[in-house]
């Protein structure tokens, strides 16, 4: 009998397990409960948020490079990124050098945090002769418009006295001149692709400061000052670079780093799940599959907007391959996913559970659920 071909392609379950850990738990459950020979292919997924660069590093068989860089408060730390020399590609996570998790709660202050360390990671990648950089923008501690990153790449941001601006977004209100003449010339020959699940513009009620500032430690009384600083920054970009990007989807990603990438580095902002599907050659695998299992921490009415389960399901649709989704919790309006290629949804929770206990026991819960699904599929009527 030909083995049943099962693709296991979940996203991470935030704060509980990585995409690979979730996939391996699903496989363990199926191996217990599925009653016919099966071949399993694990393809960890991500949609531009947490875990995206880890998934891409694995997909590209990249090695980890360790670099000494500046953290969001300008302190020296060690940070890593992925390097595939065979494909001349670097995979960089902004959060590795400029992430919120690098700061204690009391240290979080997006007025003064910087993306300088992310620019140092890009610089190191250039020193390895890469021709392509994939940059993940999730989890930033910053709201500096990506200026710190550009400063590390020798773009000069000067005040009215022709002095370099201090690091931090709040100082952008003093910006008078942008000097790109010394910007690393190697950047002109590098394709930069941004993997993001954020479509926010730079400014306004959906902008970087309004939406993400509070979780980065921004006090309400400082909102206007930081928003005005970013607005002034973009005004200078328009005047001196003759380009407007503030309203483009993703310009507000990572505290406005999307703006810097669009205006200065001609980056391509890519839908995260589409990029991951492409880099993992998912279509090649699903073309031969009998069943696809996907999932993530929560499935609700928002899942249909660019989230992993829908990206996976849409890729499976042309091959008429059934798709099962497993999630931590099922939210209001989850039924919408049935109109987008998912055939069934299962929650891994089978009783009221404290959140901390659910997160800790996630791998066992997902294994149990997968086993029950496998046993159901094995029934003969």
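Assorted remarks:
- Candidates 330, 92, 366, ranked by Gaussian network fluctuation over the chain, Cα under 10 Å, top entry: 330
- For region 213-345, alpha-carbon Rg and Dmax in angstrom: 19.7, 57
- Working from label points 7 Å from Cα in the Cα-to-Cβ sense, the residue 177 to residue 1 distance is 7.7 nm.
- An oblate overall shape is assigned to region 146-188, the ratio a/c of its alpha-carbon gyration tensor axes (a ≥ b ≥ c) being 1.5 or greater and a/b not exceeding b/c.
- Residue 105-residue 184 FRET efficiency (beta carbon distance; Förster radius 30 Å; 0.05 resolution): 0.30
- Ordered by the count of other Cβ atoms within 10 Å of each Cβ, fewest first, 376, 175, 226 give 376, 175, 226.
- Using the rule -39500 (n - 2.57) for each DSSP H run of four or more residues, divided by the residues of the chain, the 222 nm mean residue ellipticity is -9500 deg cm²/dmol.
- With a Förster radius of 25 Å applied to the beta-carbon distance between residue 284 and residue 330, the computed FRET efficiency rounds to 0.20.
- The value of relative contact order for region 1-107, using C-alpha pairs under 8 Å at least six residues apart, is 20 percent.
- Gaussian network model of the chain, Cα within-10 Å springs - most flexible of 360, 94, 203: 360
- Nearest 10 degrees, 0 to 90: helix 362-377 Cα axis against the chain principal axis: 40 degrees
- Shape of region 33-180, Cα gyration tensor, a/c cut at 1.5: prolate
- The gain in end-to-end length when the residue 360 to residue 375 segment is fully stretched comes to 2.9 nm, 0.36 nm per residue minus the alpha carbon separation.
- Taking all Cα pairs closer than 8 Å and separated by 6 or more residues, the relative contact order of region 52-273 comes to 20 percent.
- Average Cα contact separation per residue, the chain, under 8 Å, 6 or more apart, as relative contact order %: 20 percent
- Seen against the Cα atoms of the chain and their longest principal axis, helix 19-33 is set at about 0 degrees.
- Cα-based convex hull volume of region 52-273 per residue, rounded to whole Å³: 107 Å³
- Modelled label positions at residue 127 and residue 64, each set 7 Å beyond Cα in the direction of Cβ, lie 1.9 nm from each other.
- Pair residue 36, residue 161: separation of 7 Å Cα→Cβ label points (nm): 7.8 nm
- DSSP-defined antiparallel bridges as percent of all bridges, the chain, nearest 5: 35 percent
- When both bridge partners sit in region 52-273, DSSP labels roughly 55% of those beta bridges antiparallel.
No value in this document is a laboratory result; all are computed from the given coordinates. Note that the structure is a prediction, hence the values are computed from the model and not measured. In this analysis, Cβ positions are derived from the backbone assuming ideal geometry, glycine residues included, and neighbour counts consider all displayed protein chains.
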